[in-house]
Amino acid sequence: MKRSRIAVVSLFYGESGGAELFASEVTDRLAESGEFDVHVLAHRWKDRTGKIAFHRIDFRKWPRSLQKFSLSLSVRKVAAVEGFDLVHTQELLDAADVVTFGAPVALWPKVQGKRGVQLRTEVDRRIERRLLLSNRLQCILANSNQSARWLMAEYPELAGRPVEVETVYPGVDLQRFTPPSPNERGAGRAELADRFGWNVSDPVGLFVGNYWDHKGLGTALRAIRILRGKSCPVRLLVMGNDRERARWLSVIVGLGLAVTDVAFLGEVAEGREAYFKASDFLVLLSRFESFGTVVLEALASGLPVILSGRVPAREILPQDAGSLIEDPMDFLGASEAMEEWIRNPAAREKLASQAAQVARAYSWEAAAEKTAAVYRDCLARKGE
């Protein structure tokens, strides 16, 4: 029986980042299942299965206002030649059968409080509107219930259209992210102490993400300053990158913290789970997120999470598995949450014992199966 030809659009397939991770983890599993003939349209990619046909997509990078328009044209050209049965885009295009949706393009400027509409945002909004209200689109895969609410608030006319809106949460690799054994945790703490000059007994927080101001690093550092003032020798691991790293070193010193209190790890792909096993809590005090996949990685590792109220991953946060700080600028509340988890190892141990059960519902296999079900339904409707 001839397999349906599925095209997945993901510009930087297999690279770090929430959207890239979502695309590659789900699509790799769909390709390995053998049910579909899977093609990936990307600018760069990492082939981990040998079962995907890759097609290079080039697009105009400058001016930035024309990027999405140029990308749409490039994808259209490839699709016209290849004749795919279904196109699923993880990027903003002007036409597709299925789209993974995080947040409207106009939402982040609103969160930032910017006045007026920049040309790039206006062009992207037009492309987004063309995509979401096209007759071709059959299903929107929101990555959280909050994303679905943002979608309907921005495009209320979708309620009267024959377009399905499904929530498909990101997943987590349950083979990699697991609660540490005593030996694993001890080895991890010893490695951190040796590498950064810390004491093995020092509490360690973990911060993961790029664009640190947006992710709440400033709030986390101010919270740590309060704890250091209470003679709590908490340290912070920062995983990810920011263009203004030199400025953050000045911020650390300006807060009266020692530069050695914070360890900058850069991007970590392979072996990142080891840092979760060696930490005491995850802190993510973002001003805005479309989901927050790192929260699932923390939960699967038995790590408590300290979240701002603007992280949609709060939807899947079990009771007693973390602390919610509604205001991402509330460093006092964040410090109290950190202190509570640091001084309550029994609560951390209880969470670790329940971690696998909590995370099992959010495996990448589950996300892939839900996506496959959407493909089957869409293909059936196209064949009617």
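The values are calculated or read from the model by the stated rules, or taken from the named source; none is laboratory data. The shown structure was predicted, so the numbers you read here are calculated from the model rather than taken from an experiment. Counting neighbours? That spans all protein chains shown, and the Cβs are built from the backbone with ideal geometry, glycine included.
Details
- Counted residues, the stretch 184-239 - those being among the small types (Gly, Ala, Ser) and surrounded by 14 or more Cβ atoms within 10 Å (Cβ to Cβ): 9
- Enumerated strands (runs of 3 or more DSSP E) restricted to the stretch 134-240, each holding at least 3 residues that are in contact (Cβ under 8 Å) with a residue 60 or more places away in the chain: 204-208
- Criterion violated by Asp28 - all others in (1) touching a Phe, Trp or Tyr at 6+ places or on another chain (Cβ under 7 Å); (2) outside any loop (DSSP other than H, G, I, E, B) satisfied: (1)
- Where Ala103 falls short, out of the listed (1) under 27 Å from Pro328 (Cα atoms); (2) touching a helix residue (DSSP H, G or I) at 6+ places or on another chain (Cβ under 8 Å); (3) surrounded by fewer than 15 Cβ atoms within 10 Å (Cβ to Cβ); (4) among the hydrophobic types (A, V, I, L, M, F, W, C): (3)
- Meets criteria (among the small types (Gly, Ala, Ser) and either at pLDDT below 95 or not in a helix (DSSP H, G or I) (or both)) for Ser335: no
- The residue list Asp58, Asp94 contains one member that is surrounded by fewer than 16 Cβ atoms within 10 Å (Cβ to Cβ), of a type in the set (Asp, Glu) and not in a helix (DSSP H, G or I), which is Asp58.
- Members of the stretch 260-275 found to be among the hydrophobic types (A, V, I, L, M, F, W, C), in contact (Cβ under 8 Å) with a residue 60 or more places away in the chain and farther than 18 Å from Leu21 by Cα, listed by number: Ala263, Ala274
- Residue check, Gly271 of a type outside the set (A, V, I, L, M), surrounded by fewer than 22 Cβ atoms within 10 Å (Cβ to Cβ), closer than 23 Å to Tyr362 by Cα and in contact with a strand residue (DSSP E or B) (Cβ under 8 Å, 6 or more places away or on another chain): no
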